[in-house]
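Working notes for the structure below.
Read-outs: derived from the displayed coordinates by stated rules, not from any lab. Keep in mind that this is a model prediction, so the values were computed, not measured. All Cβ positions, even for glycine, are placed from backbone atoms using ideal geometry, and neighbour counts span all protein chains on display.
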Amino acid sequence: MNDSKILFFDDEALTSESLVRNLCNNYSYDIVYVSSIFDFIDKLTSEKFSLLMIDVMAPVPADLEALGFNKEEIADINATGGMNVGVVLASRVWRIDDYAQVPVIFLTAKSSFQLPRKDNCCILRKPMLAKNISQEIDRLMNKNQVL
Amino acid sequence: MKLFLYSAIVLSLSLNMPNCGCLISENSSPQYEQSFKKSEKGTKDDLVLAVNAVNNILTYMSLAVAILTFATILFGYLGYKDLKRKIEDKVKEVNAKMKDIEAFKDQVKESKKMLDLQEEYVSISNGYLYQTTEQLVNQIDDSKIAMVIYKTLAHNYHVANLYSSNNETRFAALAYLRENGEPSDITHIQAMASSDVDQQYQQLASEIIGVIKYKTENEKNSHN
């Protein structure tokens, strides 16, 4: 049984819900799933999470400024048309004091992906078996505990 | 009716004109006759003839004007009746066509409802199929075999989602196919792009088609 809470953001609800069901039922994780960036930010401020799982590609939200993104981040998101929303979202989260060291798992179908220069993050290519995701979660959680 | 009455009065007045002319010529006063007797007889006859001629011209002109007025009113009335009937026929025709159009619009609405329902059904079925297979795939011990099935499942799921009316689902499908699309998917991406109202998605779709073609070409060249 794993006591740590995980926040998972992916705009594609059906596949994500199925994945969450797998991870919760077969690997006993406590996962909170959100399909919008607004809900993601909202959950981050209202609850405490030990690990984040973020989908890299997502539609660009309407009001990025209201969601706390700075000008450089907004320009970055708009320039790529939503192809790196997850990475920008992670950098936005790492600016929050409570989450400065939070481990992040990026999920993407992209073959080429520039991972942010952080120790506590990794990339998983979609589609990914629950078993492999579980291994990565455990690895990052343990690493974070050692640190 | 007023026009008819007016034309009848003009006509009757015109027909009475010759009598008026006769009265002038027959009831001329004795003083006039005496003075005319004093002058030459030829001059008197000429004058009477001239007056009668003028009288006759006026009479016939009045008659002609009356007939023309009557004819104009009659033709105008008949023309008006004909035009009115034609307009009424056209209005009936337009109304009938409007009814047909309304019926057609109702049919289109009904068809759209049915298509939406079918699309929803297909989308739900596609989702259920994905979820069920995904649960099964995750039970397979051999990760290699599981991944082969999982990749095929994810690929087919996203291709089917190109036809979804849900923006997020369509975006996810495009994002997936940008990296994992195959030449056989181009037809589906093109179909999506041609029917999508969102310009952003159309642009993304054409970009993905370009990426797939480029990848395929590169793979061919590397094999050669």
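Would you work out the charge dipole size for the protein assembly as shown about its Cα centre, treating the Cβ of every Lys and Arg as +1 and the Cβ of every Asp and Glu as -1, and quote it to the nearest 20 debye?
With only Lys, Arg, Asp and Glu charged at Cβ, the dipole is about 1440 debye.
Separation between the residue B:211 and residue B:80 pseudo-spin-labels, each 7 Å from Cα along Cα→Cβ, expressed in nm?
The modelled label-to-label distance comes out at 7.6 nm.
Post the alpha-carbon centroid distance, region A:73-119 to region B:85-161, in whole angstrom.
If we compute the Cα centre of each part, the gap is 35 Å.
Let me know the mean shielding of B:177-184 by other chains, meaning the per-residue number of their Cβ atoms within 10 Å of its Cβ.
What the average comes to for B:177-184 is 3.
Given R₀ = 22 Å, FRET efficiency for residue A:62-residue A:42 by Cβ-Cβ distance, to 0.05?
After rounding, the FRET efficiency stands at 0.90.
For residue B:140, what charge total do you get from the other residues with a beta carbon under 12 Å from its beta carbon, if Lys and Arg give +1 and Asp and Glu give -1?
Charge balance in the 12 Å sphere: -1.
Which loop-located GluC sites (Glu not before Pro) does region A:43-115 contain, where loop means any DSSP state but H, G, I, E or B and the Cβ has at most 12 other Cβ atoms within 10 Å?
A:47, A:65
Assuming a ≥ b ≥ c are the square roots of the Cα gyration tensor eigenvalues, decide whether region A:37-147 counts as rounded (a/c under 1.5), prolate (otherwise, with a/b larger than b/c) or oblate.
oblate
About the Cα centre, and with charges only on the beta carbon of Lys, Arg (+1) and Asp, Glu (-1), how big is the dipole of region B:49-141? Nearest 20 debye, please.
In debye, rounded to 20, region B:49-141 gives about 1080.
From the Cα gyration tensor of the protein assembly as shown, with a ≥ b ≥ c the square roots of its eigenvalues, which class applies: rounded if a/c is under 1.5, or else prolate if a/b is larger than b/c, or else oblate?
prolate
Quick one: net charge around residue B:180, please, counting Lys, Arg +1 and Asp, Glu -1 for every other residue with C-beta under 12 Å from its C-beta.
My count for the surroundings of residue B:180 gives +3.
For the pair residue B:96 and residue B:60, how long in nm is the line joining their label points, each one 7 Å along Cα→Cβ?
Here the modelled spin labels are 5.3 nm apart.
Apply 1/(1 + (r/R0)^6) to the Cβ-Cβ distance of residue B:113 and residue B:195, taking R0 = 25 Å, and write down the FRET efficiency to the nearest 0.05.
Plugging the Cβ-Cβ distance into 1/(1 + (r/R0)^6) gives 0.90.
Answer rounded, prolate or oblate for region B:122-224, using the Cα gyration tensor with square roots of eigenvalues a ≥ b ≥ c: rounded when a/c is under 1.5, else prolate when a/b is larger than b/c, else oblate.
oblate
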